[in-house]
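Scroll down for the structure; my scribbles are underneath it.
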């Protein structure tokens, strides 16, 4: 791999001095020093300097959207901020004109964020077709089998939150385009860990929260809306900042939506969250998403090898093309293993009776080895 400055990257995370090994980024990421310092500087301006930081924050807003656009292969004017992934998905769910008998294709491996906004449409007579995943995988062929003349939308996660399966977005996007079906992606478990391009994948709508692989604060996320998709959405919620030139002529009450995706930002934004997201995405882009993906493959290869040596059952696909940063496995006495890991200051997730491990770009092989050591000890204890 091209030079990867792991010591530098690790120096950005003060929590490492505590001895904690954090491999739980699929749940939430620690803040880097770069992010916390950027937030502190912003709060200082709010506290004792400008107070009203709206104008001085505009360049940061623009930079954040540029960063996000770079990460997904889109222009910045196609990006709008959202409070979280669910809020973002509801822009699409609530904004389409639905008719009785319309159908949506979902799957049975999704986190509820990518299900609830759409099953809520049953009140409009919309019918949901759930793809039953096979070995946790979602293939374009299986999706195409479920598409009917009444199918209007396919929505799925870039990376599944539990199995860690990474979908072939380009192949699935081609199927959706072929059938004239809207393609929506929940990117929260993949963006920041793996490359994604909305154009080559024919993605019409994307939603993503900031606190996981993007390593920002809770309460900040974003959506991507293609120009064509924007023309199809009948905006369900609007606010004064949705309009063009919203700071002028306050008493001319109007709906005059901005031509960019900013129209979906209905009022005062979470500027603290935007500052954090600006710095966290700048950090990830500085390291390089391709390099991060390569590093994560290296780390997760080692984690999978350690799980295999311990004799436990890996749930995540082994092919690199089918995974990103998550490795999930089953083992006897899962709770005991989880507690043993916590005791050793190794933080992972216990989900649905399985262990989910999710390292990021600054995690090291030494940390993977420490994790492996606890697995082997657990195997010995379980066999005794």
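Scan segment 231-247 and tell me whether some residue there is in a strand (DSSP E or B), touching a residue at least 60 places away in the same chain (Cβ under 8 Å) and under 18 Å from residue 151 (Cβ atoms). The answer is no, given that none of the residues of segment 231-247 is in a strand (DSSP E or B), touching a residue at least 60 places away in the same chain (Cβ under 8 Å) and under 18 Å from residue 151 (Cβ atoms).
Scoring residue 48 on the criteria (1) outside the structural domain of residue 303 (by TED's automatic domain parsing); (2) in contact with a strand residue (DSSP E or B) (Cβ under 7 Å, 6 or more places away or on another chain) leaves a single failure, condition (2). Of the listed requirements (1) under 28 Å from residue 270 (Cα atoms); (2) exposed (fewer than 14 other Cβ atoms within 10 Å of the Cβ), residue 99 misses just one: (1).
Restricting attention to segment 248-297, the residues being part of a loop (DSSP other than H, G, I, E, B) and either more than 30 Å from residue 45 (Cα to Cα) or outside the structural domain of residue 41 (by TED's automatic domain parsing) (or both) number 8.
Return yes when residue 59 is farther than 15 Å from residue 216 by Cβ, in a helix (DSSP H, G or I), assigned by TED's automatic domain parsing to the domain that holds residue 137 and more than 17 Å from the chain's Cα centre (by Cα) and no when it is not. So residue 59 fits the description; yes. Only residues that are touching a helix residue (DSSP H, G or I) at 6+ places or on another chain (Cβ under 6 Å) and crowded, with 17+ Cβ neighbours inside 10 Å were counted in segment 166-183, giving 4.
Residue count for segment 286-305, restricted to those that are in contact with a helix residue (DSSP H, G or I) (Cβ under 8 Å, 6 or more places away or on another chain) and closer than 16 Å to residue 354 by Cα: 1. Inside segment 219-237, residues that are touching a helix residue (DSSP H, G or I) at 6+ places or on another chain (Cβ under 9 Å) and exposed (fewer than 15 other Cβ atoms within 10 Å of the Cβ) make up a count of 4. Across segment 16-31, which residue is surrounded by the most Cβ atoms within 10 Å (Cβ to Cβ) among those that are farther than 17 Å from residue 218 by Cβ and touching a strand residue (DSSP E or B) at 6+ places or on another chain (Cβ under 9 Å)? Within segment 16-31, the match that is surrounded by the most Cβ atoms within 10 Å (Cβ to Cβ) is 23. Residue 70 fulfils the conditions (1) more than 27 Å from residue 12 (Cβ to Cβ); (2) within 24 Å of the chain's Cα centre (by Cα); (3) surrounded by fewer than 22 Cβ atoms within 10 Å (Cβ to Cβ) except for a single criterion, (1). In segment 34-53, the condition of being surrounded by 18 or more Cβ atoms within 10 Å (Cβ to Cβ) and outside any helix (DSSP H, G or I) is met by no residue. Of all residues in segment 114-135, none satisfies the criterion of being touching a residue at least 60 places away in the same chain (Cβ under 8 Å), part of a loop (DSSP other than H, G, I, E, B) and surrounded by 18 or more Cβ atoms within 10 Å (Cβ to Cβ).
For segment 286-326, taking the residues that are within 17 Å of the chain's Cα centre (by Cα) and farther than 19 Å from residue 215 by Cβ, the one that is surrounded by the fewest Cβ atoms within 10 Å (Cβ to Cβ) is identified as 322. Scanning segment 73-86 for residues that are buried (at least 19 other Cβ atoms within 10 Å of the Cβ) and part of a helix (DSSP H, G or I) yields 78, 85, 86.
Looking at residue 157, is it crowded, with 23+ Cβ neighbours inside 10 Å and in contact with a helix residue (DSSP H, G or I) (Cβ under 8 Å, 6 or more places away or on another chain)? Yes.
If the condition is being assigned to a helix (DSSP H, G or I) and farther than 23 Å from residue 316 by Cα, then segment 136-172 contributes 144, 145, 146.
The values are calculated or read from the model by the stated rules, or taken from the named source; none is laboratory data. None of these values were measured; they are calculated from a predicted model. Counting neighbours? That spans all protein chains shown, and the Cβs are built from the backbone with ideal geometry, glycine included.
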